[in-house]
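Okay, so here's the structure we're looking at.
The values are calculated or read from the model by the stated rules, or taken from the named source; none is laboratory data. What you see is a predicted model; the values in this text were computed from it and never measured. Note that we place each Cβ from the backbone using ideal geometry, even for glycine, and neighbour counts take in every protein chain shown. Just the protein is used for accessible areas: all its heavy atoms, side chains included, with ligands, DNA and RNA removed. Shrake-Rupley method; radii C 1.70, N 1.55, O 1.52, S 1.80 Å.
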Amino acid sequence: MDIEEEIRSLQLDSAEDNGVVNPEAALTEVENSNKMEEDSKEEVHAHSVKPEVVEQKGKEKINVDPEEEHDEMELDKKRHLNVVFIGHVDAGKSTTGGQILFLSGQVDDRTIQKYEKEAKEKSRESWYMAYIMDTNEEERVKGKTVEVGRAHFETESSRFTILDAPGHKSYVPNMISGASQADVGVLVISARKGEFETGYERGGQTREHVQLAKTLGVSKLLVVVNKMDDPTVNWSKERYDEIGSKMVPFLKTSGYNVKKDVQFLPISGLVGTNIKNRVDKTVCSWWDGPCLFEALDAIEIPLRDPKGPFRMPIIDKFKDMGTVVMGKVESGSVREGDSLFVMPNKVPVKVVAIFIDEDRVKRAGPGENLRVRLSGIEEEDILSGFVLASVANPIPAVTDFFAQLQILELLDNAILTAGYKAVLHIHSIVEECEIIELISQMDPKTKKPMKKHIRFVKNGAVVVCKIQVNNLICVEMFSDFPQLGRFTLRTEGKTIAVGKVIDPPSTYSRKLSS
């Protein structure tokens with residue numbers, strides 16, 4: 001069976017995404033129902049509080065004076081993109097992110113010297129750049145990013161928010177959070193001998209991150225081959241080409257159009273080579289392509305519809321002169337004074353103030369990361385996964401839905417049948433779910449449902465099924481809002497399937513009516 005074709009049909013190309021980029025997503029690993037409620041509460045606080053360059057919800061004063069408000073047109077001059085850094089643990093994601101912030105003037109020399117001193121005291125000299133992104137003590141001691149760090153930088157034509165997702169397999173749900181908020185993925189691969197191989201082989205996070213990124217709607221990918229300055233590599237073209245020759249077939253099977261949507265480039269995150277300026281020919285004679293900043297500026301993403309129905313999945317909330325919610329606008333626009341619903345509970349609220357980064361604005365459109373101050377609701381009545389939506393066209397709230405599911409790899413070659421339980425990740429929701437009915441299996445050749453009745457399916461199958469959750473959740477049809485209708489199923493710390501929310505199958509509808 002041609003699994004590649006099935007994955008490709010499920011993980012639709014960016015052109016099919018109707019120009020709207022993917023959802024804010026789940027943060028917290030949930031292993032069983034007893035932990036479910038506790039985890040969903042903890043998830044609200046899962047965005048790390050990072051000094052100097054990263055958003056601080058608690059300490060940051062978003063009550064900006066009206067005279068300090070930016071003109072909306074000022075903010076509209078530059079497009080805004082969310083960039084997620086993904087890849088295996090120790091590939092150099094946080095170091096590269098830190099270097100970008102330093103080179104774009106977001107961090108001064110004094111701060112760098114402070115981090116360098118701290119890293120040296122912990123005998124972690126080469127990690128000092130990562131300290132810019134990894135600022136909680138657990139991350140610094142382990143040298144691993146645990147939560148999704150956020151920071152901002154600008155080039156001449158674009159504003160970027162960096163989402164530094166963790167690479168260690170224990171933190172994949174946190175990586176899902178970063179990837180599903182992103183417009184662009186930067187896949188960081190270590191060129192150091194042995195490190196690429198570890199990340200790429202079965203069980204390595206490079207493979208799972210790529211598959212998840214595509215599933216979660218990251219349609220554009222920059223593959224940066226890092227640590228090219230390492231003594232085992234020394235800017236070797238042979239090593240760079242070897243990594244490319246292994247990655248390209250895998251990226252294709254994951255659904256990426258490599259010629260159109262993927263670009264490779266060599267860098268050194270630690271010393272900053274080929275990031276802001278092109279690498280010097282004396283260092284790397286064979287590279288004629290762009291540096292990382294040029295590549296990011298050149299990425300084209302589809303235009304979004306500012307006039308669509310308003311949708312903003314809530315990823316966090318806190319109190320600051322009222323109730324403030326955080327999220328990324330997936331559709332439509334919002335203005336101060338607007339009346340909206342907080343779904344799924346249909347609580348009417350009013351928009352008191354809107355903030356993009358630290359700037360208060362009167363309105364904001366799709367693709368922006370916002371903090372919105374609301375009246376009419378208390379902070380404790382909001383959960384991660386709720387959605388701020390328009391009153392005229394609110395998002396559907398359901399306890400079950402139909403889905404087309406691509407089975408990737410079940411644990412211990414198990415079978416999937418009615419009664420199978422897993423954890424559903426869809427935009428900013430994490431919910432326990434159960435497959436309550438298998439309706440049909442898709443023929444891999446014709447892409448149409450097979451007529452035979454099915455009781456179970458195995459790895460690689462594509463199946464239409466009905467999924468049930470315990471609590472009301474907000475979802476959309478994939479065909480209407482791809483970013484709110486695509487999901488992953490995970491169990492015991494592993495992604496076992498990817499899927500999309502679909503209309504009830506016609507045969508099923510006929511059966512019900514008869």
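Before moving on, here are some points about what is shown:
- Residue check for residue 119: in a helix (DSSP H, G or I), at pLDDT below 65 and under 25 Å from the mean Cα position of the chain (by Cα): no
- Given (1) open to solvent by 10 Å² or more (accessible area, probe 1.4 Å); (2) more than 30 Å from residue 449 (Cα to Cα); (3) among the aliphatic types (A, V, I, L, M), index of the condition residue 353 fails: (1)
- Residues located in region 229-267, provided they are over 27 Å from residue 214 (Cβ atoms) and open to solvent by less than 40 Å² (accessible area, probe 1.4 Å): 230, 233, 235, 236
The rows are residues; the columns are (1) among the hydrophobic types (A, V, I, L, M, F, W, C); (2) at pLDDT 95 or above; (3) touching a Phe, Trp or Tyr at 6+ places or on another chain (Cβ under 8 Å).
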residue	(1), (2), (3)
299	yes, no, no
328	no, no, no
331	no, no, yes
341	yes, yes, no
345	no, no, yes
355	yes, no, no
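- Restricting the search to strands (runs of 3 or more DSSP E) fully inside region 359-449 and requiring at least 3 residues that are touching a residue at least 40 places away in the same chain (Cβ under 8 Å) and not hydrophobic (A, V, I, L, M, F, W, C) gives 369-375, 397-407, 429-441.
- All of 242, 294 fail the test of being out of contact with any helix residue (DSSP H, G or I) (no Cβ under 8 Å at 6 or more places or on another chain) and closer than 18 Å to residue 153 by Cα, apart from 294.
- A single member of 485, 493, 460 is among the small types (Gly, Ala, Ser) and free of Cβ contacts under 8 Å to residues at least 60 places away in the same chain, and it is 485.
- Total residues in region 325-341, condition closer than 17 Å to residue 308 by Cα, open to solvent by less than 20 Å² (accessible area, probe 1.4 Å) and hydrophobic (A, V, I, L, M, F, W, C): 3
This table checks each residue for (1) within 30 Å of residue 235 (Cα to Cα); (2) touching an Asp or Glu at 6+ places or on another chain (Cβ under 9 Å); (3) part of a loop (DSSP other than H, G, I, E, B).
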site	(1), (2), (3)
271	yes, yes, yes
294	yes, no, no
301	no, yes, yes
309	no, no, yes
316	no, yes, no
341	no, no, no
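- Check on residue 367, open to solvent by less than 30 Å² (accessible area, probe 1.4 Å) and farther than 18 Å from residue 431 by Cβ: yes
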